[in-house]
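Trainee: One structure coming up, written as structure tokens, with questions to follow.
Coordinate-derived values only; no laboratory data. Predicted, not measured: the structure shown is a model, and the values here were computed from it. Cβ placement follows ideal geometry from the backbone for every residue including glycine, while neighbour counts extend to all protein chains displayed.
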Amino acid sequence: MTSKSKLLIGAAFLAGWMSAASAQDADPTNMVRGGLQAIQLVDQGKSGELWDGSGPATKKRVARPEFVRQVEASRSPLGAAQQRTWVSVNRQLVANDDPDVAGQYINVEYETRFANASNRVVREMTSFRLDASGTWRLSGYVLR
């Protein structure tokens, strides 16, 4: 299998593990699992695969190399994740003139302890947007 095929399979896996008719119908357990899968790609240094599976608004907002650079710059100093626990799943409806931005979102937050920041808890948040095909796609990853 070529690396391009693996990348496409990885992006399809990440983007396709959840689909639902609406944010209200989304199973929080699946959203937590999906968020964890996304974060594990970051843990493995595969943040480019996150961008590959993201929605159009994310891709318009930030180019792949910049997304990878930003994620790596924020995560690398923290070291390896030592403990991670999900703490919240929030739904949000966003109104916007851009149809790639407007829509239903779900944010999943985790409290994480990292090897190089063991004296504090860091919040990781993954955001997903429900696209027109009914697939939840990554719309963001941030540390708080």
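Trainee: Inspect region 44-62 for any residue being farther than 15 Å from R137 by Cβ and acidic (D, E) and give the result as yes or no.
Mentor: no
Trainee: Okay, moving on. Just for region 85-104: of the residues that are of a type in the set (A, V, I, L, M, F, W, C) and without any contact (Cβ under 8 Å) to a residue 60 or more places away in the chain, which one is surrounded by the fewest Cβ atoms within 10 Å (Cβ to Cβ)?
Mentor: Selected residue: A95.
Trainee: Residues in region 105-122: is at least one surrounded by 14 or more Cβ atoms within 10 Å (Cβ to Cβ), without any contact (Cβ under 8 Å) to a residue 60 or more places away in the chain, among the small types (G, A, S) and assigned to a strand (DSSP E or B)?
Mentor: no
Trainee: On to the next question. Quickly run through region 32-68 and pick out the residues that are of a type outside the set (V, I, T), in contact with a helix residue (DSSP H, G or I) (Cβ under 9 Å, 6 or more places away or on another chain) and part of a loop (DSSP other than H, G, I, E, B).
Mentor: G45, K46, G53, S54, G55, A63, listed by residue number.
Trainee: Need the failing condition index for T85 against (1) under 13 Å from the mean Cα position of the chain (by Cα); (2) in a strand (DSSP E or B), just the number.
Mentor: The failed condition is (1).
Trainee: I've got another one for you. Restricting region 125-141 to residues that are free of Cβ contacts under 8 Å to residues at least 40 places away in the same chain and closer than 14 Å to L36 by Cα, which is surrounded by the fewest Cβ atoms within 10 Å (Cβ to Cβ)?
Mentor: This residue is M125.
Results for (1) of a type in the set (S, T, N, Q); (2) over 16 Å from L41 (Cβ atoms), shown as yes or no for each residue.
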| site | (1), (2) |
| --- | --- |
| W51 | no, no |
| S54 | yes, no |
| T58 | yes, no |
| R61 | no, yes |
| A73 | no, yes |
| A81 | no, no |
| S88 | yes, yes |
| R91 | no, yes |
| D98 | no, yes |
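Trainee: Touching a helix residue (DSSP H, G or I) at 6+ places or on another chain (Cβ under 6 Å), under 14 Å from A38 (Cβ atoms) and of a type outside the set (D, E): which single residue out of V71, V101 fits that description?
Mentor: V71
Trainee: Does R91 satisfy being in a strand (DSSP E or B), among the basic types (K, R) and over 15 Å from the mean Cα position of the chain (by Cα)?
Mentor: no
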